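Novice: Would you mind keeping the following structure in view while I ask a few things?
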Amino acid sequence: MLRQSALWLGLFMAGAFLTEAGLAPLAMMLFPVPAAVFWACGRRGSALMTLAWAGVSVLAGYGLRIALLRAAGVEPEVFGMGWLVVGFAAALVASGGVVLGGMIRSGSSFGRCVAALSLLYFGLIGAETAVLWDQTRDAWTVFMNARTAELEEAGNTAMAELLRWFDGHWAYVGFGMLYSGLLLAVSLQAVVVFRWLRANPDQAAGVEPNGQFKTMRPPEWLVWLAIAAALLWLADNRWPNETVRFVSWNTAMALFTVYWLNGLGIALCGLQAFGARAGMQALLLGLLFLSGMHQGLAVFGLFDTWFEHRIALARLAAAWRERNRDRDG
(Lines give C-alpha, C1' and ligand atoms only; values in the text may rest on other atoms or scores of the structure.)
Protein backbone atom coordinates (compact mmCIF):
# COMPACT_ATOMS: atom_id res chain seq x y z
CA MET A 1 0.00 0.00 0.00
CA LEU A 2 2.79 2.38 0.92
CA ARG A 3 4.64 1.52 -2.27
CA GLN A 4 1.52 2.20 -4.35
CA SER A 5 0.98 5.58 -2.65
CA ALA A 6 4.61 6.53 -3.29
CA LEU A 7 4.16 5.69 -6.98
CA TRP A 8 1.10 7.92 -7.36
CA LEU A 9 2.73 10.75 -5.43
CA GLY A 10 5.94 10.49 -7.45
CA LEU A 11 4.04 10.52 -10.75
CA PHE A 12 1.99 13.53 -9.68
CA MET A 13 5.02 15.56 -8.57
CA ALA A 14 7.08 14.63 -11.64
CA GLY A 15 4.27 15.53 -14.03
CA ALA A 16 3.46 18.79 -12.23
CA PHE A 17 7.06 20.00 -11.93
CA LEU A 18 7.94 19.13 -15.52
CA THR A 19 4.86 20.97 -16.76
CA GLU A 20 5.68 23.98 -14.58
CA ALA A 21 9.16 24.01 -16.12
CA GLY A 22 7.64 24.26 -19.60
CA LEU A 23 8.18 20.57 -20.41
CA ALA A 24 4.55 19.47 -20.61
CA PRO A 25 5.15 17.03 -23.53
CA LEU A 26 7.84 15.27 -21.49
CA ALA A 27 5.54 15.18 -18.47
CA MET A 28 2.80 13.55 -20.53
CA MET A 29 5.17 10.87 -21.80
CA LEU A 30 5.78 9.63 -18.24
CA PHE A 31 2.31 8.22 -17.71
CA PRO A 32 2.02 5.66 -20.54
CA VAL A 33 4.68 3.53 -18.78
CA PRO A 34 2.70 2.73 -15.58
CA ALA A 35 -0.52 2.54 -17.61
CA ALA A 36 1.07 -0.12 -19.85
CA VAL A 37 2.41 -2.08 -16.88
CA PHE A 38 -0.94 -2.05 -15.09
CA TRP A 39 -2.87 -3.07 -18.22
CA ALA A 40 -0.41 -5.83 -19.12
CA CYS A 41 -0.69 -7.18 -15.57
CA GLY A 42 -4.48 -7.21 -15.79
CA ARG A 43 -4.97 -4.29 -13.37
CA ARG A 44 -7.28 -2.31 -15.62
CA GLY A 45 -8.68 -0.13 -12.85
CA SER A 46 -5.22 1.13 -11.95
CA ALA A 47 -4.43 1.67 -15.64
CA LEU A 48 -7.53 3.82 -16.13
CA MET A 49 -6.74 5.71 -12.94
CA THR A 50 -3.32 6.52 -14.42
CA LEU A 51 -5.04 8.24 -17.34
CA ALA A 52 -7.04 10.46 -14.99
CA TRP A 53 -3.97 11.06 -12.82
CA ALA A 54 -2.03 12.25 -15.86
CA GLY A 55 -4.65 14.91 -16.56
CA VAL A 56 -4.72 16.06 -12.93
CA SER A 57 -0.92 16.21 -12.64
CA VAL A 58 -0.34 18.17 -15.84
CA LEU A 59 -3.22 20.54 -15.06
CA ALA A 60 -1.73 21.22 -11.62
CA GLY A 61 1.66 22.00 -13.13
CA TYR A 62 0.06 24.18 -15.79
CA GLY A 63 -1.85 26.15 -13.16
CA LEU A 64 1.27 26.52 -11.03
CA ARG A 65 3.23 27.84 -14.00
CA ILE A 66 0.59 30.48 -14.75
CA ALA A 67 0.40 31.49 -11.07
CA LEU A 68 4.17 31.91 -10.78
CA LEU A 69 4.35 33.97 -13.96
CA ARG A 70 1.60 36.26 -12.77
CA ALA A 71 3.27 36.61 -9.38
CA ALA A 72 6.40 37.76 -11.22
CA GLY A 73 4.39 40.40 -13.05
CA VAL A 74 4.25 38.54 -16.37
CA GLU A 75 0.89 37.89 -17.97
CA PRO A 76 1.20 34.44 -19.57
CA GLU A 77 -0.42 33.42 -22.81
CA VAL A 78 -3.11 31.02 -21.69
CA PHE A 79 -3.53 27.89 -23.81
CA GLY A 80 -5.85 28.89 -26.60
CA MET A 81 -8.47 26.13 -26.25
CA GLY A 82 -8.71 26.19 -22.48
CA TRP A 83 -7.39 24.32 -19.46
CA LEU A 84 -9.55 21.27 -19.95
CA VAL A 85 -7.90 20.55 -23.28
CA VAL A 86 -4.51 20.35 -21.54
CA GLY A 87 -5.78 17.74 -19.09
CA PHE A 88 -7.56 15.82 -21.84
CA ALA A 89 -4.41 15.80 -23.97
CA ALA A 90 -2.40 14.38 -21.05
CA ALA A 91 -4.98 11.63 -20.48
CA LEU A 92 -5.06 10.88 -24.21
CA VAL A 93 -1.27 10.50 -24.37
CA ALA A 94 -1.35 8.28 -21.28
CA SER A 95 -3.94 6.07 -23.00
CA GLY A 96 -1.15 4.97 -25.33
CA GLY A 97 0.02 2.87 -22.40
CA VAL A 98 -3.25 0.94 -22.53
CA VAL A 99 -2.57 0.19 -26.21
CA LEU A 100 0.97 -0.92 -25.38
CA GLY A 101 -0.16 -3.09 -22.48
CA GLY A 102 -2.86 -4.70 -24.62
CA MET A 103 -0.39 -5.49 -27.40
CA ILE A 104 2.04 -7.04 -24.92
CA ARG A 105 -0.73 -9.25 -23.51
CA SER A 106 -1.61 -10.38 -27.05
CA GLY A 107 2.00 -11.41 -27.73
CA SER A 108 2.98 -8.63 -30.13
CA SER A 109 6.72 -8.20 -30.61
CA PHE A 110 8.74 -5.30 -29.27
CA GLY A 111 9.09 -3.81 -32.75
CA ARG A 112 5.36 -4.01 -33.50
CA CYS A 113 4.57 -2.35 -30.18
CA VAL A 114 6.97 0.52 -30.88
CA ALA A 115 5.72 0.98 -34.44
CA ALA A 116 2.04 0.98 -33.46
CA LEU A 117 2.45 3.34 -30.52
CA SER A 118 4.72 5.80 -32.34
CA LEU A 119 2.33 5.97 -35.31
CA LEU A 120 -0.62 6.43 -32.93
CA TYR A 121 1.07 9.35 -31.17
CA PHE A 122 2.19 10.83 -34.46
CA GLY A 123 -1.34 10.68 -35.82
CA LEU A 124 -2.69 12.52 -32.78
CA ILE A 125 0.04 15.12 -32.35
CA GLY A 126 0.67 15.50 -36.07
CA ALA A 127 -3.00 16.29 -36.63
CA GLU A 128 -2.91 18.87 -33.86
CA THR A 129 0.23 20.41 -35.37
CA ALA A 130 -1.42 20.64 -38.79
CA VAL A 131 -4.60 22.22 -37.39
CA LEU A 132 -2.70 24.70 -35.19
CA TRP A 133 0.05 25.28 -37.75
CA ASP A 134 0.54 29.01 -37.18
CA GLN A 135 0.58 28.73 -33.37
CA THR A 136 2.94 25.77 -33.50
CA ARG A 137 5.23 27.55 -35.93
CA ASP A 138 5.40 30.64 -33.72
CA ALA A 139 6.07 28.55 -30.59
CA TRP A 140 8.84 26.68 -32.42
CA THR A 141 10.48 29.95 -33.51
CA VAL A 142 10.38 31.35 -29.97
CA PHE A 143 11.92 28.15 -28.59
CA MET A 144 14.65 27.97 -31.23
CA ASN A 145 15.53 31.67 -30.91
CA ALA A 146 15.96 31.24 -27.16
CA ARG A 147 18.21 28.20 -27.59
CA THR A 148 20.18 29.93 -30.35
CA ALA A 149 20.82 32.95 -28.12
CA GLU A 150 22.02 30.68 -25.30
CA LEU A 151 24.43 28.88 -27.61
CA GLU A 152 25.80 32.13 -29.03
CA GLU A 153 26.40 33.45 -25.52
CA ALA A 154 28.27 30.23 -24.73
CA GLY A 155 30.38 30.67 -27.86
CA ASN A 156 29.00 27.62 -29.68
CA THR A 157 28.32 29.38 -32.98
CA ALA A 158 28.31 26.19 -35.05
CA MET A 159 25.41 24.68 -33.12
CA ALA A 160 23.64 28.05 -33.09
CA GLU A 161 23.82 28.19 -36.88
CA LEU A 162 22.49 24.64 -37.09
CA LEU A 163 19.48 25.55 -34.95
CA ARG A 164 18.92 28.66 -37.05
CA TRP A 165 18.92 26.47 -40.16
CA PHE A 166 16.34 24.11 -38.62
CA ASP A 167 14.14 27.06 -37.72
CA GLY A 168 14.35 28.44 -41.26
CA HIS A 169 13.46 25.05 -42.77
CA TRP A 170 10.94 23.96 -40.15
CA ALA A 171 8.17 23.31 -42.68
CA TYR A 172 10.36 20.72 -44.41
CA VAL A 173 11.70 18.97 -41.30
CA GLY A 174 9.12 19.64 -38.57
CA PHE A 175 6.99 16.54 -39.02
CA GLY A 176 10.06 14.35 -39.49
CA MET A 177 11.55 15.72 -36.26
CA LEU A 178 8.22 15.19 -34.49
CA TYR A 179 8.05 11.53 -35.50
CA SER A 180 11.72 11.02 -34.65
CA GLY A 181 11.21 12.40 -31.15
CA LEU A 182 8.11 10.29 -30.61
CA LEU A 183 9.88 7.16 -31.89
CA LEU A 184 12.75 7.67 -29.46
CA ALA A 185 10.37 8.32 -26.57
CA VAL A 186 8.20 5.28 -27.37
CA SER A 187 11.27 3.04 -27.71
CA LEU A 188 12.40 4.12 -24.25
CA GLN A 189 8.91 3.57 -22.84
CA ALA A 190 8.77 0.07 -24.31
CA VAL A 191 12.23 -0.77 -22.95
CA VAL A 192 11.15 0.21 -19.43
CA VAL A 193 7.85 -1.71 -19.62
CA PHE A 194 9.35 -4.87 -21.14
CA ARG A 195 12.22 -4.92 -18.64
CA TRP A 196 9.88 -4.39 -15.69
CA LEU A 197 7.60 -7.24 -16.77
CA ARG A 198 10.58 -9.57 -17.21
CA ALA A 199 12.06 -8.56 -13.85
CA ASN A 200 8.75 -9.14 -12.02
CA PRO A 201 7.24 -12.32 -13.49
CA ASP A 202 5.06 -12.92 -10.40
CA GLN A 203 3.29 -9.57 -10.75
CA ALA A 204 3.15 -9.89 -14.55
CA ALA A 205 0.45 -12.55 -14.15
CA GLY A 206 2.02 -14.91 -16.64
CA VAL A 207 2.53 -12.30 -19.36
CA GLU A 208 5.75 -13.01 -21.29
CA PRO A 209 7.00 -10.02 -23.31
CA ASN A 210 7.97 -10.91 -26.87
CA GLY A 211 11.29 -9.54 -28.08
CA GLN A 212 13.56 -6.72 -26.95
CA PHE A 213 15.09 -3.50 -28.22
CA LYS A 214 18.36 -4.93 -29.52
CA THR A 215 16.54 -7.40 -31.80
CA MET A 216 14.01 -4.87 -33.12
CA ARG A 217 14.47 -4.67 -36.88
CA PRO A 218 12.58 -2.57 -39.48
CA PRO A 219 10.62 -4.49 -42.12
CA GLU A 220 12.56 -5.00 -45.33
CA TRP A 221 9.95 -3.24 -47.48
CA LEU A 222 10.72 0.01 -45.66
CA VAL A 223 13.90 0.38 -47.71
CA TRP A 224 11.73 1.14 -50.74
CA LEU A 225 10.35 4.13 -48.89
CA ALA A 226 13.92 5.28 -48.25
CA ILE A 227 14.74 4.87 -51.95
CA ALA A 228 11.62 6.82 -52.91
CA ALA A 229 12.59 9.64 -50.52
CA ALA A 230 16.07 9.77 -52.08
CA LEU A 231 14.61 9.94 -55.59
CA LEU A 232 12.24 12.74 -54.53
CA TRP A 233 15.18 14.61 -53.03
CA LEU A 234 17.03 14.35 -56.34
CA ALA A 235 13.94 15.50 -58.20
CA ASP A 236 13.60 18.51 -55.90
CA ASN A 237 17.23 19.43 -56.54
CA ARG A 238 16.61 19.33 -60.28
CA TRP A 239 13.10 20.81 -60.32
CA PRO A 240 12.52 22.66 -57.02
CA ASN A 241 9.06 22.03 -55.63
CA GLU A 242 7.71 22.86 -52.16
CA THR A 243 5.49 19.78 -51.90
CA VAL A 244 8.21 17.38 -53.03
CA ARG A 245 10.66 18.94 -50.59
CA PHE A 246 8.14 18.68 -47.74
CA VAL A 247 7.58 14.97 -48.40
CA SER A 248 11.19 13.97 -49.12
CA TRP A 249 12.88 15.84 -46.28
CA ASN A 250 10.39 14.87 -43.58
CA THR A 251 10.38 11.25 -44.73
CA ALA A 252 14.18 11.12 -44.81
CA MET A 253 14.45 12.53 -41.29
CA ALA A 254 11.95 10.02 -39.90
CA LEU A 255 13.64 7.09 -41.66
CA PHE A 256 17.06 8.23 -40.46
CA THR A 257 15.87 7.76 -36.88
CA VAL A 258 14.30 4.37 -37.69
CA TYR A 259 17.55 3.03 -39.13
CA TRP A 260 19.64 4.76 -36.46
CA LEU A 261 17.74 2.83 -33.80
CA ASN A 262 18.32 -0.36 -35.79
CA GLY A 263 22.02 0.46 -35.92
CA LEU A 264 22.07 1.01 -32.17
CA GLY A 265 20.45 -2.39 -31.68
CA ILE A 266 23.08 -3.96 -33.93
CA ALA A 267 25.84 -2.31 -31.89
CA LEU A 268 24.37 -3.68 -28.65
CA CYS A 269 24.08 -7.17 -30.16
CA GLY A 270 27.69 -7.00 -31.34
CA LEU A 271 29.04 -5.85 -27.98
CA GLN A 272 27.12 -8.56 -26.14
CA ALA A 273 28.21 -11.19 -28.66
CA PHE A 274 31.85 -10.36 -27.90
CA GLY A 275 31.17 -10.57 -24.16
CA ALA A 276 31.31 -6.86 -23.27
CA ARG A 277 29.82 -6.18 -19.86
CA ALA A 278 27.18 -3.51 -19.27
CA GLY A 279 29.74 -0.97 -18.04
CA MET A 280 31.97 -1.51 -21.06
CA GLN A 281 29.00 -1.25 -23.41
CA ALA A 282 27.99 2.08 -21.85
CA LEU A 283 31.57 3.37 -22.09
CA LEU A 284 32.01 2.42 -25.74
CA LEU A 285 28.63 3.79 -26.77
CA GLY A 286 29.32 6.96 -24.79
CA LEU A 287 32.58 7.46 -26.67
CA LEU A 288 30.74 6.88 -29.93
CA PHE A 289 28.24 9.62 -29.06
CA LEU A 290 30.88 12.07 -27.80
CA SER A 291 32.89 11.66 -31.00
CA GLY A 292 29.83 12.33 -33.15
CA MET A 293 30.32 9.05 -34.99
CA HIS A 294 27.03 7.66 -33.69
CA GLN A 295 25.26 9.02 -36.78
CA GLY A 296 27.01 6.29 -38.75
CA LEU A 297 24.76 3.80 -36.94
CA ALA A 298 22.02 4.77 -39.39
CA VAL A 299 24.18 3.46 -42.25
CA PHE A 300 24.62 0.09 -40.54
CA GLY A 301 20.92 0.04 -39.79
CA LEU A 302 20.03 0.67 -43.43
CA PHE A 303 22.40 -1.91 -44.92
CA ASP A 304 21.22 -4.46 -42.38
CA THR A 305 18.30 -4.89 -44.78
CA TRP A 306 20.58 -6.95 -47.04
CA PHE A 307 23.40 -8.20 -44.79
CA GLU A 308 21.76 -9.04 -41.42
CA HIS A 309 24.62 -7.70 -39.32
CA ARG A 310 23.39 -9.31 -36.08
CA ILE A 311 23.88 -12.80 -37.49
CA ALA A 312 27.23 -11.83 -39.01
CA LEU A 313 28.46 -10.39 -35.70
CA ALA A 314 27.30 -13.48 -33.79
CA ARG A 315 29.22 -15.73 -36.17
CA LEU A 316 32.29 -13.50 -36.00
CA ALA A 317 32.20 -13.53 -32.20
CA ALA A 318 31.82 -17.33 -32.17
CA ALA A 319 34.81 -17.70 -34.51
CA TRP A 320 36.83 -15.28 -32.38
CA ARG A 321 36.09 -17.27 -29.21
CA GLU A 322 36.91 -20.54 -30.94
CA ARG A 323 40.23 -19.16 -32.18
CA ASN A 324 41.11 -17.94 -28.69
CA ARG A 325 40.15 -21.32 -27.23
CA ASP A 326 42.40 -23.13 -29.70
CA ARG A 327 45.26 -20.74 -28.99
CA ASP A 328 44.91 -21.17 -25.23
CA GLY A 329 44.82 -24.95 -25.72
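The values are calculated or read from the model by the stated rules, or taken from the named source; none is laboratory data. These numbers come from a predicted model, not from an experiment. When we count neighbours, we look across all protein chains shown, and the Cβ atoms used for this are built from the backbone with ideal geometry, even at glycine.
Novice: Report whether or not D167 is of a type outside the set (A, V, I, L, M, F, W, C) and surrounded by 14 or more Cβ atoms within 10 Å (Cβ to Cβ). Lay out the reasoning, then the answer.
Specialist: Details: of a type outside the set (A, V, I, L, M, F, W, C): yes; surrounded by 14 or more Cβ atoms within 10 Å (Cβ to Cβ): yes.
Against the criterion (of a type outside the set (A, V, I, L, M, F, W, C) and surrounded by 14 or more Cβ atoms within 10 Å (Cβ to Cβ)), D167 qualifies.
Novice: In the range 223-251, how many are touching a residue at least 40 places away in the same chain (Cβ under 8 Å), under 18 Å from L182 (Cβ atoms) and surrounded by fewer than 18 Cβ atoms within 10 Å (Cβ to Cβ)?
Specialist: Residues that pass the stated criteria total 0.
Novice: Return only the number of the condition from (1) in the same structural domain as S118 (by TED's automatic domain parsing); (2) part of a loop (DSSP other than H, G, I, E, B) that W196 does not satisfy.
Specialist: Among (1) in the same structural domain as S118 (by TED's automatic domain parsing); (2) part of a loop (DSSP other than H, G, I, E, B), W196 violates only (2).
The rows are residues; the columns are (1) outside the structural domain of V173 (by TED's automatic domain parsing); (2) acidic (D, E); (3) part of a loop (DSSP other than H, G, I, E, B); (4) over 26 Å from A185 (Cα atoms).
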{"site": "A229", "(1), (2), (3), (4)": "yes, no, no, no"}
{"site": "P240", "(1), (2), (3), (4)": "yes, no, yes, yes"}
{"site": "N250", "(1), (2), (3), (4)": "yes, no, no, no"}
{"site": "C269", "(1), (2), (3), (4)": "yes, no, no, no"}
{"site": "L283", "(1), (2), (3), (4)": "yes, no, no, no"}
{"site": "G286", "(1), (2), (3), (4)": "yes, no, no, no"}
{"site": "V299", "(1), (2), (3), (4)": "yes, no, no, no"}
{"site": "I311", "(1), (2), (3), (4)": "yes, no, no, yes"}
{"site": "A314", "(1), (2), (3), (4)": "yes, no, no, yes"}
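Novice: Right, L51: over 23 Å from A205 (Cβ atoms) and assigned by TED's automatic domain parsing to the domain that holds I104 or not? Break it down into steps so the answer makes sense when it comes.
Specialist: On the way: over 23 Å from A205 (Cβ atoms): no; assigned by TED's automatic domain parsing to the domain that holds I104: yes.
No; evaluated as a whole, the condition is false for this residue.
Novice: Select from the range 32-52 the residues that are touching a Phe, Trp or Tyr at 6+ places or on another chain (Cβ under 7 Å) and crowded, with 22+ Cβ neighbours inside 10 Å and list them in ascending order.
Specialist: V37, A47, T50
Novice: Within the range 307-326, can you find the residues that are of a type in the set (K, R) and either surrounded by 12 or more Cβ atoms within 10 Å (Cβ to Cβ) or within 16 Å of G270 (Cα to Cα) (or both)? Please lay out each step first, then the result.
Specialist: First, the residues of the range 307-326 that are of a type in the set (K, R): 310, 315, 321, 323, 325.
Correct list: R310, R315, R321.
Novice: Return yes or no: is L64 at pLDDT 75 or above, surrounded by fewer than 21 Cβ atoms within 10 Å (Cβ to Cβ) and assigned to a helix (DSSP H, G or I)?
Specialist: Against the criterion (at pLDDT 75 or above, surrounded by fewer than 21 Cβ atoms within 10 Å (Cβ to Cβ) and assigned to a helix (DSSP H, G or I)), L64 qualifies.
Novice: So if I check each of V223, V186, V173, V191, which one is within 23 Å of A298 (Cα to Cα), touching a Leu at 6+ places or on another chain (Cβ under 6 Å) and part of a helix (DSSP H, G or I)?
Specialist: V186
Novice: Go over the candidates G97, G176, G87, G181 one by one and state the one that is touching a Ser or Thr at 6+ places or on another chain (Cβ under 8 Å), crowded, with 16+ Cβ neighbours inside 10 Å, farther than 26 Å from A205 by Cα and assigned by TED's automatic domain parsing to the domain that holds A60.
Specialist: Only one candidate qualifies: G176.
Novice: When the residues of the range 262-274 are narrowed to those that are more than 13 Å from P218 (Cα to Cα) and not small (G, A, S), which ends up surrounded by the fewest Cβ atoms within 10 Å (Cβ to Cβ)?
Specialist: Going through the qualifying residues, I end up with F274.
Novice: Take the residues of the range 277-306 that are surrounded by 17 or more Cβ atoms within 10 Å (Cβ to Cβ) and among the small types (G, A, S): which is nearest to K214 (Cα to Cα)?
Specialist: Across the range 277-306, the extreme among qualifying residues is G301.
Novice: Shifting gears a bit: I'm checking my understanding of the structure. Among residues of the range 275-305 that are without any contact (Cβ under 8 Å) to a residue 24 or more places away in the chain and among the aromatic types (F, W, Y), which one is farthest from L222 (Cα to Cα)?
Specialist: F289
Novice: So which residues in the range 169-216 are charged (D, E, K, R) and within 18 Å of L100 (Cα to Cα)?
Specialist: Scanning the range 169-216 gives R195, R198, E208.
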